[in-house]
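Report on one structure; see the data block that follows.
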Amino acid sequence: MSTLTVEAALARILADVVPGGSEEVALSQAYGRLLAEPVLAPLSLPPWANSAMDGFAVRAADLPGTLRVLETIAAGSVGRHVVEPGTASRIMTGAPVPAGADAIVMVEDTSSEGDRVAIAVGARLGQHIRREGADVQRGARAFEPGARLTPGAVGLLASLGLARVRVARRPRVAILSTGDEVVAPGLPLGPGQIYSSNNHALVGLVLAAGAEPVDCGNVGDDREALRAAFADAAARADLVVSTGGVSVGDFDHVKEVVGAIDFWRVAMKPGKPLAYGRLAGRPFFGLPGNPVSCMVNFLQFVRPVIRRTMGDPNPFLPVVHATLRSPLRRATGRVELLRVRLEREGGQLFAVPAGRHQGSGNVVGMAEGHGFALLDADTAEVSGTVRVQLFDREFDDAPDPAYGWGTVETSSDGCC
C-alpha cells in the first residue's frame, strides 16, 4: 500500500462515517452534547416587555416632573394600574412594564417622598425597557443541528422552558493496548518493560471528543490472544482503537489479525504508521505505540470521525496563527506536527517548541504544549507566522480560527 497524504487519508476515513443516531436527555445531562435536531423557540424571550432597572415606569412625555406613585411592581408580579398622565409605578428589575408606561427611569435619578416621586431628568421612549422577543422570537430557530451545548446554550434552552432535548448519541470507543513490553501503572516492571500510558491518554482524548471510552486493557503480542481481544472490543463498542503493533516489526501482528485494512501509512511526522479499516463491521484504527504518535494520530483522524458521527459541522480542531519565537530547521518530505507552547504578548500569539525535543516518545511536549505547528512537507527553514492546530482549550478564544488542514502542502514520498 502506498503512503497517503493527510488530506487523502482524512477524505477516505470520513467517507465511511455513518451518523450514530440520537437520544433524548434531560437538560441537566445536556452540557457538552451536540444537538441532533433544530430547536424552535416555544416562546419569545423576553416573553413580555420588562424593566432592565430598578426604578419607575413612566410616560416619557411627563418628564421632567413630579409624579404620583400608583403601586410597586416586584419581579414575579404584574401591575394592576395603567400609568396615566402625571403618574408612575415603582418597578423592580425583570418585572413586566405596566400598561401606559413607555420608559423606565433609574431609581438613582429620582427622589421620593410619600406617594410622590420627583424626577429631574428626561427620558427617551423605550429607555431601559427590554422589549418582548428582543432576544428570541417565538417560532424562530434558536439552535441548528450540530450546535454544541455550552453552559450558555443550556441556559438559553432552560429559559425557553425546555426540560429535555434531543442530542447526538455518544459513540462507544473501545481502546486496546498491545505489546508484551507494556505494564499497567501500579504493577511492578519486569526487565525491558514500560508502563502503559496510551490507554490512559486515549481515555482522556475520547472523553474530550465527547464519546464514551471502553478501556479493554492490554494484550500481549500473541496472534490468537489478539484475535480474541479484538473480537471482544468490537462487540463492546461502535469504534475500535488499538495502540501498538502496526509497524513492520516481527511482533507487529495487528494488521494481520484485523485483516480488513484500507491503508496503514500516512505522510506525517510523527505518526506515519496508521492502520485504518473495518473490524466486525466497525471502524478500526490501529495507532502507533509511541505515545506522541498515538495521540497525534488520534487527534488528526479518530477525533474527526467521532465528531462527524455525532453530526458536528466542524469536526476538526481549530487552527490559529502564531509567530515563532525562533526560526527552525527541519528535514523535508513529510508534513510535521511540531508540539508548541503558545504565549500571549501585546495581543499577539507566539509559539515556542514544547519539551526538550520532538521525538515521538517525548510525552512531555504533549503535556506542556497547547497545539501543533503545522509545517509544510517541503519547507526546510521555518520562521515568522505558522498555523497552530489547538489541542488545549486554553486558547479557544484566539481570533478567527480555521478548521482542518486548509492549505498545508503534503507529500507522499516521506520516509520512516
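Here are the numbers for this structure:
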read-out: Filter result for Phe298 (touching a helix residue (DSSP H, G or I) at 6+ places or on another chain (Cβ under 8 Å), surrounded by 22 or more Cβ atoms within 10 Å (Cβ to Cβ), modelled with pLDDT of 90 or more and over 19 Å from Ser197 (Cβ atoms)); value: no
read-out: Residues (β-branched (Val, Ile, Thr) and touching a strand residue (DSSP E or B) at 6+ places or on another chain (Cβ under 7 Å)) located in region 76-120; value: Val78, Val83, Thr87, Ile91, Thr93, Val97, Ile104, Val105, Val107, Thr110, Val117, Ile119
read-out: Residue in region 224-235 that is surrounded by fewer than 20 Cβ atoms within 10 Å (Cβ to Cβ), in a helix (DSSP H, G or I) and among the basic types (Lys, Arg) present; value: yes
read-out: Helices (runs of 4 or more DSSP H) wholly inside region 253-323 containing at least 2 residues that are touching a Ser or Thr at 6+ places or on another chain (Cβ under 6 Å) and not hydrophobic (A, V, I, L, M, F, W, C); value: 291-297
read-out: From the options Asp180, Asp215, residue that is outside any loop (DSSP other than H, G, I, E, B), acidic (Asp, Glu) and in the same structural domain as Val17 (by TED's automatic domain parsing); value: Asp215
read-out: Complete set of residues in region 89-103 that are over 15 Å from Arg68 (Cβ atoms), out of contact with any Lys or Arg (no Cβ under 7 Å at 6 or more places or on another chain) and part of a loop (DSSP other than H, G, I, E, B); value: Met92, Thr93, Gly94, Ala95, Val97, Ala99
read-out: Residues being buried (at least 19 other Cβ atoms within 10 Å of the Cβ) and part of a strand (DSSP E or B) - total across region 364-386; value: 6
read-out: Any chance Thr72 is out of contact with any Pro (no Cβ under 9 Å at 6 or more places or on another chain), assigned to a strand (DSSP E or B) and not small (Gly, Ala, Ser); value: yes
read-out: Number of the exception - Met53 against (1) part of a strand (DSSP E or B); (2) in contact (Cβ under 8 Å) with a residue 60 or more places away in the chain; (3) of a type outside the set (Ser, Thr, Tyr); value: (1)
read-out: Failed item in (1) acidic (Asp, Glu); (2) crowded, with 21+ Cβ neighbours inside 10 Å; (3) modelled with pLDDT under 90, with Glu409 passing the rest; value: (2)
read-out: Checking Ser2 against (1) surrounded by 13 or more Cβ atoms within 10 Å (Cβ to Cβ); (2) over 30 Å from Ala140 (Cα atoms), the condition it does not meet; value: (1)
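To keep it simple, each residue is scored yes or no on (1) surrounded by 13 or more Cβ atoms within 10 Å (Cβ to Cβ); (2) more than 13 Å from Val240 (Cβ to Cβ).
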position: Leu162; (1), (2): yes, yes
position: Val167; (1), (2): yes, yes
position: Pro171; (1), (2): yes, no
position: Ser177; (1), (2): yes, no
position: Asp180; (1), (2): yes, yes
position: Pro185; (1), (2): no, yes
position: Ile194; (1), (2): yes, yes
position: Ser197; (1), (2): yes, yes
position: His200; (1), (2): yes, yes
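The values are calculated or read from the model by the stated rules, or taken from the named source; none is laboratory data. Every value quoted in this text rests on a predicted model; they were computed, and no experiment measured them. Note: ideal-geometry Cβ built from the backbone for every residue, glycine included; neighbour counts use all protein chains shown.
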